[in-house]
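We did not get these values from a lab; they are worked out from the coordinates using the rules stated. Keep in mind the model is a prediction, meaning the values are calculated, not measured. Backbone-built Cβ (ideal geometry, glycine too); neighbour counts: all protein chains shown.
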Amino acid sequence: MGYEAMYRRSVEQPEEFWGEMARAIDWHEPPKKILEYDNPPFRRWFAGGTTNLCHNAVDRHLDARGDQLALVGWSSETGTVRELTYRQLHREVNTFAAVLRSLGVGKGDRVVIYMPHTVDAAVAMLACARIGAIHSVVFGGFAAHNLAVRIDDAKPRVLVCADAGMRGGKVIPFKPLVDEALDRARHPPANVLVVSRGLAPVPVRAGRDVDYATLRRDHEDAEVPVTWLESNEPSYILYTSGTTGKPKGVQRDVGGYAVALALSMWSVYDIRPGQVMFSTSDIGWVVGHSYNVYGPLIAGATSIMYEGLPTSPDPGIWWKICERYGVRTMFSSPTAIRVLKKHDVDFIRRHDLSGLEYLFLAGEPLDEPTAQWIHEALGKPVIDNYWQTETGWPVLCLLPGLEMKQVKFGSPGLPNLGFRLRVIDETTGHDARAGEKGVLVIEPPLPPGCMTTVWGDDQRFLSSYFGHFKELLYSSLDWAIRDEDGYTFILGRTDDVINVAGHRLGTREIEESVASHPAVAEAAVVGVHDEVKGQVPVVFATLKQADVPPPEVACGMIRTVTEQLGPVARPARVYVVGALPKTRSGKLLRRSLQALAEHRDPGDLSTLDDPRALEEVQRALERGA
Ligand code: ATP
Ligand code: MG
């Protein structure tokens with residue numbers, strides 16, 4: 001069946017379609033009803049069915065592929081590689097689950113996991129899933145404040161942490177951060193379970209802190225039975241990136257998530273059992289959850305987890321790993337590719353990438369120069385994916401495992417199976433026509449895999465996502481245009497639109513135009529208040545090389561935009577800086593840039609990556625353009 005036919009079936013006969021897709025996973029008890037939808041927009045997929053994520057990711061592969069690699073943890077930071085077969089992973093997960101149980105963790109209890117991107121972190125997640133505990137992974141690069149906020153939201157019984165992470169060769173001790181977070185938290189866990197990597201000394205608080213290596217000795221041969229969960233019970237909590245404000249705690253289910261991942265592994269990522277997928281995300285993000293841990297393992301594939309910078313020991317490291325393990329599908333982000341783009345393309349070309357079939361990129365707009373550059377470097381399809389923490393798997397994509405459609409640069413492609421997407425005109429509330437800009441919405445019921453609610457806050461789920469239109473429609477407020485062929489183009493977030501003298505301009509369009517100037521590495525464009533025009537576009541840009549004189553480049557950028565987009569889009573000011581402020585997941589913090597440019601408070605900075613970038617912007621603003 002081709003894409004069109006399968007898509008139509010998925011949205012026109014959802015119960016038949018998903019009933020069939022549900023056979024891809026193991027059920028302890030089969031679903032009694034494929035979809036229960038008597039309390040919109042809340043829905044229950046595979047109601048009454050019981051299953052378990054860990055069983056589907058690990059146990060059920062033991063007979064057929066026990067000796068195949070399940071996880072590879074490659075760390076450029078520690079200079080180590082750890083390989084686990086499915087059988088070894090099963091052992092590790094059972095031991096970890098037994099240790100959690102010895103600390104009193106059971107079904108429905110929350111476990112906060114604050115660890116670097118290592119195999120141990122994946123084992124901890126799977127161990128939680130095994131015993132029906134709800135994990136909440138907090139990105140290992142977050143500071144004590146972020147950790148404390150997430151602890152208070154989850155009220156965990158146990159917090160699992162590593163002794164340390166590493167970034168760019170520097171050891172970052174985690175335990176002192178954890179101690180600080182727990183001192184601040186109102187709902188600290190009873191125990192802290194420390195998985196030491198031997199990187200940093202671990203200050204111990206007696207009675208609370210326990211050492212994993214010590215406890216595991218008592219549980220080395222433990223067999224922990226799987227706890228079967230009803231399909232709609234929570235599997236985990238994960239927070240959005242906080243690009244637009246306070247992060248939201250996304251709650252995910254069990255059965256729907258497993259079925260959606262199983263489907264996407266072959267249809268979107270074209271991975272069959274035994275093949276290798278390498279996602280360069282971090283377990284702290286949704287891509288890490290879905291396509292480093294659960295997706296590849298549910299599919300019986302091998303998943304590569306990479307800890308370190310993409311440029312260390314040299315910018316060829318990812319491609320060396322691809323060659324070494326015969327990676328078929330690679331998944332990364334535009335930000336990461338822009339980092340590689342600053343280096344010689346030969347770092348990629350010198351590796352034998354004959355086994356590599358695709359590079360998928362997601363998380364933020366993929367600009368054409370970046371897509372083109374990596375496409376030429378690899379000679380493979382570069383496929384943009386659009387999705388959100390909330391959706392858990394792609395919303396817009398191409399599905400080469402089903403049918404390879406034409407790649408259109410600038411568009412993440414077509415609606416994924418099961419997603420009823422519409423583009424709505426903001427002012428009229430009606431569907432926008434092809435070629436017209438509107439807000440991208442998903443018509444409920446949301447398909448399997450998507451969030452079930454905001455953790456502990458159904459009201460916020462309703463008001464954040466379903467309160468924007470008269471009709472009951474889900475939206476995270478991204479601008480989109482659909483073309484005649486059904487390809488959707490994402491134009492940025494609705495709060496990233498500039499209104500210049502009545503003309504509404506997407507910041508993304510102007511950014512792409514600025515970035516097409518040969519000296520520019522990356523650009524952020526924001527609308528800044530102006531007495532006359534309402535708002536004017538202001539550019540913040542980083543350059544590829546420091547030795548180009550900025551004033552000349554700034555004029556060049558303004559010229560480029562004016563030529564390409566017309567005088568309304570003409571940037572009023574250009575600031576050249578060394579780095580742009582981003583979230584820890586690599587997204588541009590435009591709202592903070594805009595606030596600073598308007599002399600306002602930069603807002604919630606809890607997920608800001610490098611404070612120096614913002615300080616530099618402040619200095620540039622004080623100096624003047
Ligand atoms: P928050 O919701 O807390 O403000 P966030 O929206 O950045 O943060 P994520 O769930 O990590 O949190 O990101 C999802 C958003 O990222 C999408 O809504 C969209 O704005 C953007 N995005 C993701 N993939 C793409 C893509 N391929 N093209 C354009 N934008 C994308
Ligand atoms: Mg969002």
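For segment 104-201, build the charge dipole from Cβ charges (+1 Lys, Arg; -1 Asp, Glu) around the Cα centre, then report which of ALA164, LEU177, ILE151 sits farthest towards its positive end.
Looking along the dipole axis, the top candidate is ILE151.
Are there trypsin sites (Lys or Arg not before Pro) in segment 94-193 that DSSP puts in a loop and that have at most 16 other Cβ atoms within 10 Å, and which ones?
LYS107, ARG186
Calculate, for LEU605 and GLN459, the FRET efficiency according to 1/(1 + (r/R0)^6) with r their C-beta to C-beta distance and R0 25 Å; round to the nearest 0.05.
0.45
Report the calculated FRET efficiency for ASP530 and THR427 (r = Cβ-Cβ distance, R0 = 22 Å), to the nearest 0.05.
So the FRET efficiency works out to roughly 0.45.
Karplus couplings for segment 98-114 from phi (6.51 cos²θ - 1.76 cosθ + 1.60, θ = phi - 60°), rounded to Hz, Gly and Pro as x?
5, 5, 4, 5, 5, 8, x, 7, x, 3, x, 6, 8, 10, 8, 10, 10
Classify segment 47-136 as rounded, prolate or oblate from the Cα gyration tensor: take a ≥ b ≥ c as the square roots of its eigenvalues, call it rounded if a/c is under 1.5, otherwise prolate when a/b beats b/c and oblate if not.
Oblate shape, in that a/c is at least 1.5 and b/c is the bigger or equal ratio.
Which of PRO369, GLY308, ILE298 sits farthest toward the positive end of the charge dipole of segment 272-396, with +1 on the Cβ of Lys and Arg and -1 on the Cβ of Asp and Glu?
The residue sitting most towards the positive pole is ILE298.
Measuring from label point to label point, each 7 Å out along Cα→Cβ, what is the LYS32 to ARG167 span in nm?
Each label point is offset 7 Å from its Cα along the Cβ direction, giving 4.9 nm.
Under 5 Å between amide hydrogens, which residues at least 5 positions from ILE383 or on another chain qualify, with H placed 1.01 Å from N in the peptide plane?
Here LEU359, PHE360, LEU361 satisfy the definition.
Can you pick out the pairs among LYS32/LYS155; LYS33/LYS155; LYS405/LYS587; LYS107/LYS582; LYS155/LYS248 whose Cα atoms lie more than 26 Å from each other? Intermediate values should be presented prior to the final figure.
Values: LYS32/LYS155 32 Å; LYS33/LYS155 32 Å; LYS405/LYS587 28 Å; LYS107/LYS582 37 Å; LYS155/LYS248 15 Å.
Those over the limit are LYS32/LYS155; LYS33/LYS155; LYS405/LYS587; LYS107/LYS582.
So what are the ³J(HN,Hα) numbers for segment 144-157, from phi and the Karplus equation (6.51, -1.76, 1.60; θ = phi - 60°), rounded to whole Hz, Gly and Pro as x?
4, 4, 4, 5, 4, 4, 6, 5, 5, 6, 8, 6, x, 7
Measure off 7 Å from each Cα along the Cα-to-Cβ vector at SER102 and VAL568, then give the distance between these two points in nanometres to one decimal.
Between SER102 and VAL568, the simple spin-label model gives 6.8 nm.
Label-point separation (nm) for ARG559 and ARG82, each offset 7 Å from Cα along Cα-to-Cβ?
5.5 nm
I need the peptides 489-495, 308-314 ranked by packing, meaning the mean over residues of other C-beta atoms within 10 angstrom, with the highest value on top.
Result, highest mean Cβ count within 10 Å first: 489-495, 308-314.
Take HIS28, HIS468 and order them by how many other Cβ atoms sit within 10 Å, fewest up front.
HIS28, HIS468
What would the Debye formula give as log10 I(q)/I(0) at q = 0.16, 0.20, 0.28, 0.32 Å⁻¹ for the alpha-carbon point model of segment 395-445, no solvent?
Here log10 of I(q) over I(0) equals -0.55, -0.79, -1.10, -1.19.
Shape call for segment 43-193 from the C-alpha gyration tensor, a ≥ b ≥ c root eigenvalues: rounded (a/c under 1.5), prolate (a/b greater than b/c) or oblate?
Since a/c reaches 1.5 but b/c is at least a/b, the shape of segment 43-193 is classed as oblate.
Add +1 for every Lys or Arg and -1 for every Asp or Glu among the other residues with Cβ under 12 Å from the Cβ of PRO40, and state the total.
Local net charge: -2.
Using the number of other C-beta atoms within 10 angstrom as an exposure proxy, rank GLU531, GLU180 with the fewest first.
Details: GLU531 5, GLU180 15.
Listing GLU531, GLU180 from fewest to most nearby Cβ atoms yields GLU531, GLU180.
Whole-Hz ³J(HN,Hα) for each residue in segment 179-193, computed from phi via Karplus 6.51 cos²θ - 1.76 cosθ + 1.60 with θ = phi - 60°, x for glycine and proline: what do you get?
4, 5, 4, 5, 5, 7, 6, 8, 10, x, x, 5, 9, 10, 9
Which loop trypsin sites (Lys or Arg not before Pro) in segment 266-355, with loop taken from DSSP, have no more than 15 other Cβ atoms within 10 angstrom of their Cβ?
Values: sites: LYS320, ARG324, ARG328, ARG338, LYS341, LYS342, ARG349, ARG350; in loops: ARG328, LYS341, LYS342, ARG350.
Listed in order of number, the matching sites are LYS342, ARG350.
Arrange the following residues from fewest to most other Cβ atoms within 10 Å of their Cβ: PHE46, PHE466, PHE419.
Ranked by crowding around the Cβ, least crowded first: PHE466, PHE419, PHE46.
Excluding VAL250 itself, what net charge comes from residues whose Cβ is under 15 Å from its Cβ, given Lys and Arg +1 and Asp and Glu -1?
Computed value for this residue: +1.
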